[in-house]
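Report on the structure given below.
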Amino acid sequence: MGPKLVLAMTQFERMGNMGRYRKKPVIVDAVQWNGGAADRKALLRELGVSGEQVTLQANGDLAIATLEGVMTAIPSDWIIKGVHHEVYPCKDHVFKATYELHDPDDLHIPHLDIR
């Protein structure tokens, strides 16, 4: 049993640095999707993305071309424009747990050094 345990630990160690990580604080642009063609146009304008990247489907959902493929957004989802100008949907409950409104007067964004 001893050698198998050592072998398992060696394989585990090769997986990478196990630990708890905090998401680096970044500022993203986001708009909550409420549905409809008029809201889509406002969303495109606010985020500065093309109509080819975010299309309205016949059922009223949005089809969003992301780096991982086409994703669907339903009304109440948030559409996020990331730090590299990528666009992706985020469920409302996940958005609220992950993001908070940025105060533009707060110019100090703490730097997290994760090594």
Task: Checklist (1) closer than 21 Å to residue 99 by Cα; (2) at pLDDT 90 or above applied to residue 84, failing item - done: (2)
Open item on the list: Conditions first: (1) part of a strand (DSSP E or B); (2) surrounded by 12 or more Cβ atoms within 10 Å (Cβ to Cβ). Residue 70 passes all but one, so which condition is the exception?
Closed with: (2)
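So that you can scan it fast, the table gives a plain yes or no per residue for (1) over 23 Å from residue 94 (Cα atoms); (2) at pLDDT 85 or above; (3) surrounded by 10 or more Cβ atoms within 10 Å (Cβ to Cβ); (4) within 22 Å of the chain's Cα centre (by Cα):
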residue: 4; (1), (2), (3), (4): yes, no, no, no
residue: 10; (1), (2), (3), (4): yes, no, no, no
residue: 31; (1), (2), (3), (4): no, yes, yes, yes
residue: 38; (1), (2), (3), (4): yes, yes, no, no
residue: 55; (1), (2), (3), (4): no, yes, yes, yes
residue: 59; (1), (2), (3), (4): yes, yes, no, no
Task: Positions within region 73-108 being surrounded by 14 or more Cβ atoms within 10 Å (Cβ to Cβ) and among the hydrophobic types (A, V, I, L, M, F, W, C), in sequence order - done: 73, 74, 78, 79, 80, 87, 90, 95
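Is it true that residue 43 is farther than 21 Å from residue 26 by Cβ, in contact (Cβ under 8 Å) with a residue 24 or more places away in the chain and either surrounded by 16 or more Cβ atoms within 10 Å (Cβ to Cβ) or of a type in the set (Val, Ile, Thr) (or both)?
Working: farther than 21 Å from residue 26 by Cβ: no; in contact (Cβ under 8 Å) with a residue 24 or more places away in the chain: yes; either surrounded by 16 or more Cβ atoms within 10 Å (Cβ to Cβ) or of a type in the set (Val, Ile, Thr) (or both): yes.
For residue 43, the condition - farther than 21 Å from residue 26 by Cβ, in contact (Cβ under 8 Å) with a residue 24 or more places away in the chain and either surrounded by 16 or more Cβ atoms within 10 Å (Cβ to Cβ) or of a type in the set (Val, Ile, Thr) (or both) - is not met.
The values are calculated or read from the model by the stated rules, or taken from the named source; none is laboratory data. What you see is a predicted model, and the numbers here were worked out from it, not measured in a lab. Reconstructed Cβ throughout: ideal geometry from the backbone, glycine too, with neighbour counts over all protein chains shown.
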